[in-house]
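The values are calculated or read from the model by the stated rules, or taken from the named source; none is laboratory data. It should be emphasised that the depicted structure is a prediction, and the values quoted were computed from it without experimental measurement. Quick reminder, even Gly has a Cβ in these numbers, built from the backbone with ideal geometry, and neighbours come from all protein chains shown. These area figures cover heavy atoms from the full protein model, side chains too; ligands, DNA and RNA do not enter into them. Shrake-Rupley method; radii C 1.70, N 1.55, O 1.52, S 1.80 Å.
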Amino acid sequence: MTVPPAPSPEGLVTDAPITSEFTPWPPGLARAYRAAGYWRGEPFSAWLRALAGQFGPRPALLGHALGPGGQPGGWVTRTYADLDAAASGYAAALAARGLRAGDRVILHLPNSPDVFEVLLGLLRLGARPILALAAHRAAELTAFATQAHARALITGGHPDAQRAARAVQTAHPDTLVLTVGDPDAALPLTPADAAAWTEPAAQPGVSSQGAGDVALYQLSGGSTGTPKLIPRTHDDYLYSIRASAELCGLTPDTVFLAALPATHNFTLTSPGAFGTLHAGGTVVTAPGPAPDVCAALIERCGVTHVALVPSALLLWLRAPQFTPARPGSTLRVVQVGGAPLAPDVARQVPQRLGAALQQVFGMAEGLVNYVRPGSAGDVTYGTQGRPISPHDEILIVDDEDRPVPDGTPGHLLTRGPYTIRGYFRAPEHNARAFTPDGYYRTGDIVTRRPDGHLIVQGRHKDQINRGGEKIAAEEIEHALLGHPRVFQAALIGLPDPWLGERTCAVVQPRVDPDEHASQALPDACALTLELRRYLLEQGFAAFKLPDRVEVLPTLPRTPFGKVDKPALRARYAPTPALSPAQDQ
Ligand code: OOB
């Protein structure tokens, strides 16, 4: 493995202005990344135009368009030329609605070819999309609108999405709500005639058409509050896309199935849909990872690659549509990431699905690790790969930030050409999440093998990974405190054979002082339903509702007075049962 060069002394000095919106890389490192050819000064709009020039009539996107009411509409095939034209058409339509380069716009659409068209339209306009997940609801979308002063929210016609959009508009009357796929919506969004529209010229620092400027915002799984916004530049994001596509060996024959949420970093860029487009391949959109729907799409479209979280893989490994592996199936590579994958499950992939496994360990903040295709079995099944770039700097440290030897678990810190240096408008959080010399504290506990491969051992951050969907414990604890029967609340993750982890809210109820002596603890089952309904009404995404609620007269505390979560986990962890991997 190439050893990353030590940063030059000037690399540690920053002369570019640090705003609370975007923390630039130190100029010395930025120069090194440009000199190495990682940052090419090319914005997404030019990237798309070049792809259309190279692959014009080839199919870029296949899938059901978004229809009225958020239901799947007709099946569409978009060539690279169509996609380029649609991006211009959406840019023109957005401009006609008054949107300009530099405006922040929440993109909240379910999987469909439309998501990519609208996303690329926003990028062509130079507006900066905030990549919400389709599962997000009023609570998350309103928080994004508040944090970012979003000029617009682009959503689908599904009644839940429309309800969430109305809540955003109530809180932020100036935020335009534009609806895709529904001509009867108040403000429908369809591509306009782009002939009369002129693409804005690069205005570094103002429009995101300058390649070093922010192109879009990814979302952090986080451990505190609502998800933080992650500013990704054209230069850094396109580098990770190109390098991912190359190291995964994608070609014009690649047919990638986008089965996980399309705008998540894994599905979008690792190498995902954009990596596939970069290679001239075809992206097929599925509404979700359900094995029956995906099996049909694989057969219909000749899918070669898919990205799954471990909980979805477990379903595929049991599905009659896949097991035993279909002779003649086109599926060649199943990429798995987003959450820990047990080695005994990993080993089942080739035999049961007739495809190679590739583990991917990444994060929306940047760093992505891949097991390289063709690696030996111990690497393929037993590690989460190694970083994309020779310039990804990795530190594994103890609690005092001192490096630990290979093989010893430690905190993973990283910096490099596509890892952010700061979240959007979060100076206090940034002071904790980054070291003074710019390493991002991932919150993951890993070991490194002497050959550089990383193995994820656990997590330090107070986040629950529920089948790849990340839940910041604090966000839900805080929301639960708003319920009249809750005095204190702690959200913990408990092991689950299918999801990896599921959530348990441990609640100390509010006691009425008059009835104090005689009052019995509320029934946990009844409280589970009540609190889940309460959180839904508060507008939280369904995946954040606690799977289980337990009631205690007082929460256990550490000597420092913090809730003792390890004690709670030990108390409520299920007795070991057969794992889905063993249970067949
Ligand atoms: C991906 O991105 P995020 O931002 O949703 O979550 C990142 C976190 C990591 O810090 C780690 O805790 C966990 O998800 N994670 C894994 C993992 N991949 C991610 N934990 C164990 N094994 C893995 N293979 O989840 C993401 C972004 C790009 C590519 C792939 C995943």
Round to the nearest 10 and report in Å² the accessible area of residue 193, as given by a 1.4 Å probe over the protein chains' heavy atoms.
120 Å²
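Please work out how much length the chain gains when fully extended from residue 570 to residue 457, using 0.36 nm per residue of separation minus the C-alpha to C-alpha distance, in nm with one decimal.
On the way: separation 113, 0.36 × 113 = 40.68 nm, distance 1.83 nm.
Difference between extended and current length: 38.8 nm.
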Under the classification rounded if a/c is under 1.5, otherwise prolate if a/b is larger than b/c and oblate if not, where does segment 86-131 fall, given a ≥ b ≥ c as square roots of the Cα gyration tensor eigenvalues?
oblate
Any idea what the relative contact order of segment 475-547 is, in percent, if you count C-alpha pairs under 8 Å spaced at least 6 apart?
29 percent
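Residues of the chain: accessible area per residue at 1.4 Å, in Å²?
Working: 23200 Å² over 584 residues.
That works out to 40 Å² for each residue.
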Heavy atoms of residue 198 accessible to a 1.4 Å probe, total area in Å² rounded to 10:
110 Å²
In what order, largest first, do 117, 400, 501, 21 sit by accessible area if the probe radius is 1.4 Å?
400, 21, 501, 117
Separation of segment 410-480 and segment 342-382 by C-alpha centroid, Å?
21 Å
Any idea of residue 22's accessible area? Nearest 10 Å², probe 1.4 Å.
40 Å²
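Assign one of three labels to the chain, namely rounded, prolate or oblate, based on the Cα gyration tensor with a ≥ b ≥ c the square roots of its eigenvalues; rounded applies when a/c is under 1.5, prolate when it is not and a/b is larger than b/c, and oblate otherwise.
Details: a/c = 1.30, a/b = 1.21, b/c = 1.07.
Taking the square roots of the gyration eigenvalues as a ≥ b ≥ c, the chain is rounded.
Percent relative contact order of the chain, based on C-alpha pairs within less than 8 angstrom and at least six residues apart?
Details: 1294 pairs, mean separation 67.7, N = 584.
Computed value for the chain: 12 percent relative contact order.
Which of the DSSP-defined H helices in the chain satisfy a minimum axial length of 30 Å, computed from C-alpha atoms, and a minimum mean Kyte-Doolittle hydropathy of 1.6?
Values: long enough: none.
Length and hydropathy pass: none found.
Could you work out the relative contact order of segment 193-285? I mean the mean sequence separation of Cα pairs under 8 Å and 6+ apart, divided by the number of residues, in percent.
Values: 139 pairs, mean separation 19.5, N = 93.
Worked out over segment 193-285, it gives 21 percent.
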Ordering 429, 478 from largest to smallest accessible area (1.4 angstrom probe), what's the sequence?
478, 429
Starting from the 7 Å offset along Cα-to-Cβ, what nm value, one decimal, do you get for the label separation of residue 537 and residue 398?
5.1 nm
Where a Cα-Cα gap under 20 Å defines reach, which lysines qualify for residue 470, not counting those fewer than 8 residues away within the same chain?
228, 461, 544, 565
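As a test of reading the structure, rank 104, 449, 166, 58 by solvent-accessible area (1.4 Å probe, protein chains only), most first.
Details: 104 30, 449 55, 166 135, 58 90 Å².
Most to least solvent-accessible, the answer reads 166, 58, 449, 104.
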